[in-house]
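For reference, the structure is listed below as structure tokens.
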Amino acid sequence: MSLRTLESLGSLSGKRVIVRCDLNVPLQDGVITDDGRVRASLATLNALINQGARVIVVSHLGRPDGKPDAKHSLAPVAQRLSELLGKPVAFARDTVGVSAAEAVDALENGDVAVLENLRFNAGETSKDDAVRGAFAAELAALGDAMVSDGFGVVHRKQASVYDLAQLLPSAAGLLIAAELKVLDRLTETPERPYTVVLGGSKVSDKLGVIGHLLPRVDNLLIGGGMLFTFLAAQGHKVGSSLLEPDQIPQVLEYLKTAAELGVTIGIPTDVVVASKFGADADYMVTPAHAIEDTPYGASGIGLDIGPVTAAAFAEAIRGSNTVFWNGPMGVFELVPFAAGTRAVAEALTEVDGLSVVGGGDSAAAVRQLGFTDEQFGHISTGGGASLEFLEGKKLPGWEVRGWSSRVPRSSRVTGK
Ligand code: ADP
Ligand code: MG
């Protein structure tokens, strides 16, 4: 992967530079619960400020439906960014409208403005090239150059990531460069044993990558919402847990491939089952094959891996020299269902080789559980993006001529 770096854009003093960040932070009642992604954006923003650029920050937040929606406003993020930069940050109430134009016009050299949530505009994520292109053109009119630094969205073919980079001189930011340096180590020469731990709730996205990961890893440990599709594939009933029935044939295929390749797939043998989803639910530990045999019957819902599984996963992780983890093992946001995630996080901190945590919620989880960033080799801001990189997929945001070109594997110089 060769990247066009910031320097390739020449002097940016006085230039209006649109920076596509990923400031999609977790919010609870309008309060940021983990500002890791805001902090991760600072290196590039400070570099631009120091050059005297007029910095225009754009990002999405959550999944609003292509129209304004107050609870997904970036206003609290602009506020936090101002605190972290130690300087005023202007905020525009729209992304490409009157307020945005005014905010951009008012910028002096070294100033920063944040525009409102990109996804308040249907064009941002439209599948229609023309609709997306039209929105990208409106964005492009606000700037003289574009810096792509939103690692969490770099794999998405969206207006501000993909189309915009083709309309303006563009380069990759410092965050993307740093993320790729670590991920290259995972794809080129991982020290073995190499263990990948998968969890979280985006089940179908993540099940899709397993086929590509199997030939590359020694152990694949399955937790989070997707574990129930594995249990179902083994013939177990899973009550009201997350389940993707149409993925069962695929999962059976994976199990067969793994056996052929000699890859161990860790499927939980015990789980924590709750009477309902919520902090006030009743819950108990049960063998993974007996989820519906609890007092909650078929309405029981699996919300964490059990203690036996957590101990086994921790042992496999500690015995590895390279570990990549994406996706919480359970609903860590609720205290009774956080133990599995905590055990896995703890084990990662004890890995002698390279340990990488990827994903917005996974990163938030380790910080909320009291771990510090320094206890891990690397905490990536992107979960889906890291996974797609690891599986070797071509990523739309990375394929744009403007700021990256993929170097054929054979001609790459490897080494650490
Ligand atoms: P990441 O952002 O790290 O890539 P995801 O977005 O895929 O991770 O998933 C994170 C969410 O998964 C968390 O909010 C967590 O509560 C949820 N989750 C984990 N296990 C379960 C489960 N068994 N059932 C429902 N949700 C789960
Ligand atoms: Mg997430």
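Quick notes on this one:
- In segment 325-393, counting only helices (runs of 4 or more DSSP H) that sit wholly within it, the ones holding 2 or more residues that are under 22 Å from T309 (Cα atoms), away from ligand 2 (no atom under 14 Å from the Cβ) and of a type in the set (V, I, T) span 339-349.
- When segment 202-225 is filtered for residues that are within 16 Å of ligand 1 (Cβ to nearest atom), of a type in the set (V, I, T) and under 19 Å from G319 (Cβ atoms), only I222 remains.
- Of the criteria (1) within 15 Å of ligand 1 (Cβ to nearest atom); (2) closer than 27 Å to G66 by Cβ; (3) in contact with a Pro (Cβ under 6 Å, 6 or more places away or on another chain), which one G199 fails: (2)
- Across segment 290-336, the qualifying residues are those that are among the charged types (D, E, K, R) and surrounded by fewer than 24 Cβ atoms within 10 Å (Cβ to Cβ), and the one among them that is nearest to A385 (Cα to Cα) is E333.
- Matching option when the condition is modelled with pLDDT of 95 or more and either within 27 Å of T189 (Cβ to Cβ) or β-branched (V, I, T) (or both), among A345, A363, A385: A345
- Output for segment 279-298, where each listed residue is small (G, A, S) and either without any contact (Cβ under 8 Å) to a residue 40 or more places away in the chain or assigned to a helix (DSSP H, G or I) (or both): A288, A290, G297, A298
- Test: residue in segment 18-37 that is touching a strand residue (DSSP E or B) at 6+ places or on another chain (Cβ under 8 Å) and surrounded by fewer than 15 Cβ atoms within 10 Å (Cβ to Cβ): yes
- Filtered residues of segment 305-330 (kept if touching a strand residue (DSSP E or B) at 6+ places or on another chain (Cβ under 8 Å) and either hydrophobic (A, V, I, L, M, F, W, C) or free of Cβ contacts under 8 Å to residues at least 60 places away in the same chain (or both)): I305, G306, P307, V308, A312, F313, A316, I317, V323, F324, W325, M329
- Looking only at residues in segment 338-362 that are under 25 Å from A274 (Cα atoms) and surrounded by 24 or more Cβ atoms within 10 Å (Cβ to Cβ), the one that is nearest to ligand 1 (Cβ to nearest atom) is S362.
- The set of residues from segment 186-203 being modelled with pLDDT of 85 or more and either surrounded by 17 or more Cβ atoms within 10 Å (Cβ to Cβ) or under 17 Å from the mean Cα position of the chain (by Cα) (or both) comprises L186, P190, P193, Y194, T195, V196, V197, L198, G199, G200, S201, V203.
- Test: A130 is closer than 29 Å to S11 by Cα, among the small types (G, A, S) and part of a helix (DSSP H, G or I): no
- In summary, L27 fulfils each of the numbered conditions (1) of a type outside the set (S, T, Y); (2) at pLDDT below 95; (3) within 23 Å of D111 (Cα to Cα) with the single exception of condition (3).
- For segment 124-141, residues that are β-branched (V, I, T) and buried (at least 19 other Cβ atoms within 10 Å of the Cβ) total 1.
The values are calculated or read from the model by the stated rules, or taken from the named source; none is laboratory data. Here the structure is a predicted model, which is why all the values come from computation and not from measurement. Positions of Cβ are backbone-derived with ideal geometry, glycine not excepted, and every protein chain shown enters the neighbour counts.
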